[in-house]
1. Can you confirm whether residue B:220 is among the basic types (Lys, Arg), crowded, with 21+ Cβ neighbours inside 10 Å and under 25 Å from residue B:286 (Cβ atoms)?
2. If you go through region A:476-503 one residue at a time, how many are out of contact with any strand residue (DSSP E or B) (no Cβ under 7 Å at 6 or more places or on another chain), closer than 29 Å to residue A:551 by Cα and in a helix (DSSP H, G or I)?
3. For region B:112-151, enumerate the residues that are among the hydroxyl-bearing types (Ser, Thr, Tyr), more than 7 Å from chain A (Cβ to nearest Cβ) and in a strand (DSSP E or B).
4. Taking region A:317-333 on its own, how many of its residues are farther than 12 Å from residue A:447 by Cα and polar (S, T, N, Q)?
5. Under 24 Å from residue A:432 (Cβ atoms) and not in a loop (DSSP other than H, G, I, E, B): which single residue out of A:267, A:313, A:281, A:288 fits that description?
6. Quick test for you: out of B:156, B:102, pick the one residue that is outside any helix (DSSP H, G or I), exposed (fewer than 13 other Cβ atoms within 10 Å of the Cβ), within 14 Å of chain A (Cβ to nearest Cβ) and free of Cβ contacts under 8 Å to residues at least 40 places away in the same chain.
7. Can you give me the ranges of the helices (runs of 4 or more DSSP H) entirely in region A:366-438 with at least 2 residues that are within 18 Å of residue A:314 (Cα to Cα)?
8. Which members of region A:535-578 meet the condition of being among the hydroxyl-bearing types (Ser, Thr, Tyr) and not in a loop (DSSP other than H, G, I, E, B)?
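The values are calculated or read from the model by the stated rules, or taken from the named source; none is laboratory data. For clarity, every value in this text was computed on a predicted model and none was experimentally measured. Quick reminder, even Gly has a Cβ in these numbers, built from the backbone with ideal geometry, and neighbours come from all protein chains shown.
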Amino acid sequence: MARGETNLDAVKPAESLQTPATAPGQARSQSSLHQLGNRQVVGRCSATDRNPSTSEKFQFWLAPDVIANPFDIVEVEQVHPEAGKSSVTYGLITSIDHITDAPSHLSNFISNNFGEVEEVPNTPRMGTSIAHVNVLSNSDEIYMPVPNERPVRFATEEGIQKALGMDALIKDQPNRAIPAGIIKLTSGQSAVAYLDRHYVLGPESAHVNISGISGLATKTSYAMFLIQSILHKAPDPDEIAVVILNVKADDLLYLDQPRTPLKNKEKEAAFQETWEAVGLKPVHFDPKKTHFFLPKGPGQEPNAHVKAGEIPKAMIYAYDLPHTADKLELLFATVPDTYSTLESIIGEVQKGLGDTKGKFKNVSSFDQLLTGEPLVKDGTAQPLGEIKVSSVGVFLRHMRRLIVTRSSGLFVRGALSIRQKVLSEELRKIKGGHTYVVDIAKLHDEEQTLVFGDIIRTLYKVKAEGSEDEQGNLLEGPEKILVFVDELNKYAPSGRQSSPIIDQVLEIAERGRSLGVILISAQQFMSAVHSRVTGNSATKVLGRAGSAEISTSDYRFLPDELKSSLTRLAKGELLLSHAIYRQPIKIAFPLPAYKQPGVK
Amino acid sequence: MFELRKLPSILRVLHDNLKILPATGGAVEDLQRPDVDEIEDGLANKELTEISAFAEDPDPTGQPLYISTPPIHRIRDHLFRFFIDGSLRTYYIATAIERDRTFPVELAQIGSACIHRLQDGRLTAMSHSNRVLLLVPKGGEGMSEDVFDELTKLNTPDESFQVINTLAKTMHTSATEIDLRTRAGGIARNRMHRLEVNIINSTDGVRGEDSWVILDGAVKLDDFIQVDHLIGVAKSFDKKPQFHIPGSKTRNVDVTGLIAGLPYAHRTRAFQAHGGKVAFWYVRLWEQVHLDYPLMGVLKIELPCPTAQPAPVDLINRLSSALVAERSVTPYGQDKRWHCHLYPIYCAELTIKSRFYAHDVLLGAIRWPRPALATT
């Protein structure tokens, strides 16, 4: 065909005189929705020269009276290689525009008699709402652009699962489907959002990171829900152990106690329904399998937001020199050490303490280390090998600050009593099906780093090298260990290249999957955490965030239209990004089923 | 080359000898091509050169010439429910030669639509009609009857395509018009008006006292439109008529002079046309201060009066007030005639034109057969 010629076969013939689209005198129904079969069509795909449909996106206009929202999941008829058949493309609404035929705001201003706010338009401008959709999946793996005019409907429950690629998993391998929350569409349809266990606990990928503004993002509540979901749905719950660090007040010190039912009956009913909707029972952690560790305080009471009597079975943990010596670098993780002098001293001390015949043979306590030889003689710091006195003095000064003057009471300057437990020794006996809660809420930052690092290192060794009991018998540890830590930015901050604790966390983030150590971490700002840690989290959960935060590069995995939605999330609403989802989805989740202090 | 510094002196002569109505926004570039609406109004009312009788009851002789018609919005009185417009595009596609006769071949797309406004203000296309016409002169200096008959065999049963003889006489053409292309344009316009009449007839049964039709243009389309509850609204109109206003002292004023003094949200008195069969008047929709020149923002309204009786003044006032309210919303930025273009009529125009073949598509479809190559 020559250039400029028209393909006559492709040209649709003009319509002749039409019978009225509506019967004269009878206005079209105020609701312009059309019923096609049993399913309502809410709009039609609209592709234009400036806004074409693509393999990744399409647009559709909404019929009048239809209400839709971002994160609604829709389905649209799509092409199929066999004639007479069609496939279904599923998509996620990312934003909705309203357009009219006004070429500029000036047209609207002038239409109102040049700015009269009381003017009433006799004829509302022609306009429509256009929903922008990101493609999630297609029933037949066909990713052709959606053709113009195709009818669009809200997805059904089954359609939602197909959209997320979970339908086959739920049907064929239900043990791998972990309920992660509820998806609710504006149409009223809801469905459970599932995670694939192989992408949470391995082997494909692992780790979960949760971020959001404190108090709004409900990070801790969600983490506990997810852990319970994993344990309840796992075919092998006795192969999974959980270690939880309590960093805030006494939030997680009552996990094994039943909750107080809500006084408001409607809210209580809604609570029960939500748990039922996700297919789980609202039960607390098993008291027989939940263990609490509170840090030693300066006096008789633990250094915690609870008294010892409130949690009778809680164990007190502390650190003496023999059980801290191999972790000293963790204690010094935040102390500036430009020329690695302190690192050298620590190395010398660790080596010396391990030598029963050397200079440190008489050193078995912090007191002896800080006041006696070889580091101190007659009250004066001594050189240590080739390390000068001044440097040793700096080391001693920091040690006194950490162990004596600014200690919260965690350190025992002499020897531990029987009542005071060694955390690493307890965790070496970790059992599958059990939950271990370690309280660090009232510890100083350096102490928190020490405890967290100690836990991570211990668990890593348990999985990498195995562990033994006191008799030397090999202990069969759990197949998976879930570790929940809040305020991860304290231990693996962004912008810092390396420190003993960062290295530890990176080791878990990058290699923990293969060993079965799974990190469930949380922080207020994802940008404040080392990118290799968040980057290795196959599942990200995002709560409300500020506009400054979402503008950082850490959120580049989110489409721009969805990024701004983070600033509007209500309390309890989260965005879930999972390795096998093509787009993040919005979920809600049930309130905790364990006792929460302060909740009435 | 003309020196611009001579312009003030020219303007001085005009000002000193004439009544000048300056363009408010300064000089405005005139239309590149003739105002079709104004020409059509002139053709429809070509006998209307002197107007001397009122067409409203009670007779307003001696009364003020301008009447206040503040806007009455749809939420208070939803008077106009149906809006009808017609549109056409004509294309000269060839000159044909038959024996020693030469004549033009024209193609036209015509259409008409009726827009229905629902109670809540939303618009819906109630009916529409489109045609493609091949316009050729038959007989005389035109096409032979044989060839014309051959062409008419291609007419479609649903009349979506028709072959039309451009030598027929219509309101828009005279038997003495020798420019065949002009005649073709006139014939196409006439056929478009027939579509409009069909559309008007399709509103029988739905028009009523509280459910009026607005027709874009004059109410004389070859013949007078005799239906009730319909008005014609012209955005642009003939400036030739002279008004002799009855009164204790007859006032003579032309259209421009009549409209120049018309305040915002006012109407002029209604005048008789065509022996009383039509009452017409003017309504100003916009304050003059917002517009470029005084004749902008004014509509000419025609009301069919089949019994040739004057129209009740209350009815004329109601129609005018409802029309003033129709200025919102306006197609500002989309049409140069925004100041007098009613939005539902604009939508009717869009409805029609959206069903036309695009210019490039239509012209690309015109592929003349190639002459057969000689075999020897």
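1. no
2. 4
3. Listed by number, the list holds a single entry, B:112.
4. 0
5. A:288 is the lone residue from the list that is under 24 Å from residue A:432 (Cβ atoms) and not in a loop (DSSP other than H, G, I, E, B).
6. Working: B:102 fails: within 14 Å of chain A (Cβ to nearest Cβ).
Testing whether each residue is outside any helix (DSSP H, G or I), exposed (fewer than 13 other Cβ atoms within 10 Å of the Cβ), within 14 Å of chain A (Cβ to nearest Cβ) and free of Cβ contacts under 8 Å to residues at least 40 places away in the same chain leaves just B:156.
7. Values: elements: A:366-371, A:389-400, A:423-428.
Answer list for region A:366-438: A:423-428.
8. Correct list: A:539, A:547, A:553, A:555, A:564, A:565, A:567, A:577.
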